[in-house]
Amino acid sequence: MTSLPVLHTTGVLYRRILSQFPQDISLAFAYGSGVFKQHGTSHGLMEKNMLDFVFAVDDPVTWHTMNLLQNRKHYSILKLLGPTMISSLQSNYGASVYYNTLVPMDGRVIKYGVISTDALIDDLLHWKTMYVAGRLHKPVKMLVQSENGKLHAALVANLKSAVTASFLMLPESFSEEDLFLRIAGLSYAGDIRMVIGEDKSKVANIVKDNMQHFRALYSNILRDCPQVVYKPQQGKLEVDKSPEGQFIQLMALPRTLQQKITKLVDPPGKNRDVEEILLQVAQDPDCGAVVQQGISSIVKSSSITQTIKGIATAGLWKTVSYSSRKLKKMWRGWWRKPPVSNMS
């Protein structure tokens, strides 16, 4: 019962933080190591971690106009460009997200990204950048969700796509943990931040201590999916790996991923239609590797452009400070790896 007050206070903390922003938000969620316990992180250390938020807003120009009035200090020198230019930078570059980082608020340090509701729905359905869609493959703390039917349907479609893509990369039978490791790893495939600046065991750390959160997200989808035999009691799954089964899965993938796969497989000038190419991929023993490559190419391009944009939106001092925090976390991950010696 001791954990109840902690849950209660974090709920209050999130509400207090949210109350300091313009209120016309269609979706708000908190994510990352400051919100969900990751393996090897003590509760005390968790409270020192930055809290990460994403806000989806219907009208970014109006929202930034209000936010510049309320929270001008959050912005880098780009605030001088005004809300229209900030919104344009948000929408047209990187992954359509504008981040303000290292913001002190209510005794914590926060980072928040702003994305338009339309851009979010587009990413959830088609995986154009997989930037926010990838965040939402993993458990997040939902704080605001408007009654937007299109947005709700897109959130569910994104989870189904994560399951389908993972099935294609897994063997015929596997454990729940194997599946959740695959799903959690989708948005890190090809991410340049995994080369430098992120703890390499990050994906395993996310899944290990959050199995129940992953189950809560995915169990209904797995139960309803006609292509899988799901045995929740044993935590085991079996998926249809026949060419027909794989073809159905490939046809259900988000549009951008299908386009990336066809580019990888179809030599230029051939111009066969997508269905024909996917039928060929379904029969290929390396089908899973092709899907993995397609995902990596989506994530790589959006992570590079978003990282470059992040330097402008954060400003140089904050970029250096933020990067050094990330590197410290990476070193901690490396030091945790070897077996514990007598240097306790």
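The phi-based Karplus calculation (6.51 cos²θ - 1.76 cosθ + 1.60; θ = phi - 60°) puts the 3J(HN,Hα) values of segment 286-298 at 8, 3, x, 5, 5, 4, 4, 4, x, 5, 4, 6, 5 Hz, whole numbers, x for Gly and Pro. If a/c stays under 1.5 just call it rounded; otherwise compare a/b with b/c (prolate if a/b is bigger, oblate if not). Do that for segment 100-213, with a ≥ b ≥ c from the square roots of the Cα gyration tensor eigenvalues. The shape class here is oblate.
Average projected area of the Cα convex hull of segment 68-118, in nm²?
On the way: hull surface 16.1 nm².
Here the figure is 4.0 nm², rounded to one decimal.
A compact globular protein would have a Cα radius of gyration near 2.2 N^0.38 Å; the ratio found for segment 74-158 is 1.19. Each residue of segment 157-166 is assigned a 3J(HN,Hα), and the resulting list reads 4, 4, 5, 4, 5, 4, 5, 4, 4, 5 Hz, derived from the Karplus form 6.51 cos²θ - 1.76 cosθ + 1.60 (θ = phi - 60°), x at Gly and Pro. Using only the Cα atoms of segment 216-267, build the gyration tensor, take square roots of its eigenvalues as a ≥ b ≥ c, and label the shape rounded, prolate or oblate: rounded if a/c is under 1.5, else prolate if a/b is larger than b/c, else oblate. Prolate, since a/c reaches 1.5 and a/b exceeds b/c.
Defining a contact as two alpha carbons under 8 Å apart and six or more residues distant in sequence, what relative contact order in percent does segment 42-199 show?
Details: 158 pairs, mean separation 30.5, N = 158.
Rounded, it is 19 percent for segment 42-199.
Each residue of segment 135-148 was assigned a 3J(HN,Hα) from its phi angle through the Karplus curve 6.51 cos²θ - 1.76 cosθ + 1.60 (θ = phi - 60°); the sequence is 4, 7, 6, 9, x, 10, 9, 6, 10, 9, 9, 6, 7, 9 Hz, with glycine and proline shown as x.
If a/c stays under 1.5 just call it rounded; otherwise compare a/b with b/c (prolate if a/b is bigger, oblate if not). Do that for segment 14-109, with a ≥ b ≥ c from the square roots of the Cα gyration tensor eigenvalues.
Prolate shape, in that a/c is at least 1.5 and a/b is the bigger ratio.
Near Tyr99, the amide H atoms lying under 5 Å from its own belong to Val114; only residues 5 or more places off or on other chains count, and H is placed 1.01 Å from N. Annotation: amide H of Leu253 has no partner in the under-5 Å range at sequence separation 5 or more or interchain, hydrogens built in the peptide plane.
State which entries of Lys111/Lys160; Lys138/Lys236; Lys37/Lys236; Lys73/Lys202 exceed 22 angstrom in Cα-Cα distance in the structure shown.
Working: Lys111/Lys160 28 Å; Lys138/Lys236 20 Å; Lys37/Lys236 25 Å; Lys73/Lys202 32 Å.
The answer is Lys111/Lys160; Lys37/Lys236; Lys73/Lys202.
A cut-off of 5 Å between modelled amide H atoms, ignoring neighbours fewer than 5 places along the same chain, links Leu51 with Val109, Ile110, Lys111.
Taken together, the values in this text are just the output of simple stated rules run on the coordinates, not laboratory data. Not measured: the values here are computed from a predicted model.
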